[in-house]
Amino acid sequence: MFLFSTCQVGAETVFKKEVLRLFPSFRLSFSRPGFLTFKAPEQTPEQTMDAVFQFVNRSVFARTAALSIGKVQQEKSESTEDFTAIADKIWEIAEQNRVFVNRIHVFRRDLLPPGVNGFEPTGQTPELQILYNILVERSPKPKFLGTNHHNSQQQALPEETVMSVVEVDPGNYFVGIHTISAESPIQSYYPGGILPLEIPDNAVSRAWLKFEEGIRWAGFPIVEGDCCLDIGASPGGGSQVLLARGATVLGVDPAAIDPVVLNHPQFTHLQNRISQTKRMLYRNVRWLIADMNVAPNYTLEVLEELANRKEIPLCGMLFTLKLFQWQLADHLPSYAERLRCWGFNDVRIKQLAFNRQEVMVAASRQLSVAGSQ
Ligand SMILES: C[S@@+](CC[C@H](N)C(=O)[O-])C[C@H]1O[C@@H](n2cnc3c(N)ncnc32)[C@H](O)[C@@H]1O
């Protein structure tokens, strides 16, 4: 059996290493930037779907994963006729594998790392929307059980079986399936594991994207009136995500905050390094986000000190760890363990679609939810 997975361009080497550590019986089979396939031992259908779920849930670097059921190669992928031929071949593969699907996800692998030359992962192109439309149109009922499919970015629903068609290169597609369970991480619901987020016009930094994605992924129930601390807040994109949820925000950073955020009535700027601020100020903080451009050990030292203060009613922390060298990824399991020792029973680490060479960590003190590391 083969699994395929997408990841950030550049993360392939650490991703392969992680897979071999987590799943020693898997072998790398094929690799392109941002797209890898692995050969895994043969299993029953239930075990197979569980393996796909475990894969995406336990790996930091797997953005999405599916059981590979076949490949389609077509010399040209330009005209409606080309896409019709591709769609028919895809349905043939589904037929051969006796697959019934409720949802179709069509996306391409990333071509660049996020943020480089203005690239942001969407997985979508106008041509792939055409392929999606033709796939829906030519679906041989009852192989395809979905209804109301107009948009290739549509979110799947729990219990659905999703057929993913990944454009690895134009004219070269991998076809796979995965099922959605209540425990599936939020990314599994979306084509390519990418939440369809668009940076708003008034966002003051790209960090808006990663914290909007991060909060949705972590499922932190931040509500109106919650007091939040943002460490490394400048220029303020992460704080905007919190303010939009009605929170009050203490933003700590020696650097300047954009006036759009600074003038918000629920924002306070503590213009200092975190080590130089008074802990008394944090006595109401329920949620903490952090995004300092420092080594992971420094971030963890700062957070440990705050997390261990009994007077701070902290429910959860969402923060980036910068992988200045990719080898720092080797330490991620020990970082997760360290966070558990501070009393966080749900600790998750993921390289989210909008993260750059960094990972997002969510640690909360609530009852455990999906995707615990
Ligand atoms: C990547 S930027 C943060 C972007 C920001 N989170 C946003 O949403 O726009 C990193 C920031 O971390 C800040 N920083 C670094 N070390 C810090 C420390 N010890 N205390 C507070 N801020 C720190 C830097 O001044 C810098 O502005």
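The values are calculated or read from the model by the stated rules, or taken from the named source; none is laboratory data. Being a predicted model, the structure only gives us computed values, none of them experimental. Here Cβ is always computed from backbone atoms with ideal geometry, including for glycine, and neighbour counts include all displayed protein chains. For the accessible areas, the whole protein counts, side chains as well, though only heavy atoms, and no ligand, DNA or RNA atoms are used. Shrake-Rupley method; radii C 1.70, N 1.55, O 1.52, S 1.80 Å.
Quick look at the numbers
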read-out: Segment 57-69 residues that are aromatic (Phe, Trp, Tyr), paired with ones that are crowded, with 24+ Cβ neighbours inside 10 Å (beta carbon under 7 Å, 6 or more apart); value: 61/7; 61/11; 61/15; 61/351
read-out: In segment 234-259, the residues that are within 9 Å of the ligand (Cβ to nearest atom) and open to solvent by 10 Å² or more (accessible area, probe 1.4 Å); value: 234, 235, 240, 253, 254, 255, 256, 257, 258
read-out: Strands (runs of 3 or more DSSP E) completely within segment 10-91 that count 2 or more residues being crowded, with 19+ Cβ neighbours inside 10 Å; value: 35-39, 64-73
read-out: Residues (at pLDDT 95 or above, within 17 Å of residue 193 (Cβ to Cβ) and of a type outside the set (A, V, I, L, M, F, W, C)) located in segment 1-55; value: 5, 6, 8, 10, 12, 18, 32, 33, 34, 37
read-out: Check on residue 229, assigned by TED's automatic domain parsing to the domain that holds residue 334 and either near the ligand (Cβ under 10 Å from one of its atoms) or open to solvent by less than 10 Å² (accessible area, probe 1.4 Å) (or both); value: yes
read-out: Whichever residue in segment 174-198 is hydrophobic (A, V, I, L, M, F, W, C) and farther than 14 Å from residue 4 by Cβ and, among such residues, is surrounded by the most Cβ atoms within 10 Å (Cβ to Cβ); value: 194
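Each row is one residue, and each column tells you yes or no for (1) under 18 Å from the mean Cα position of the chain (by Cα); (2) open to solvent by less than 30 Å² (accessible area, probe 1.4 Å).
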{"site": "159", "(1), (2)": "no, no"}
{"site": "167", "(1), (2)": "no, yes"}
{"site": "172", "(1), (2)": "no, yes"}
{"site": "200", "(1), (2)": "no, no"}
{"site": "210", "(1), (2)": "yes, yes"}
{"site": "218", "(1), (2)": "yes, yes"}
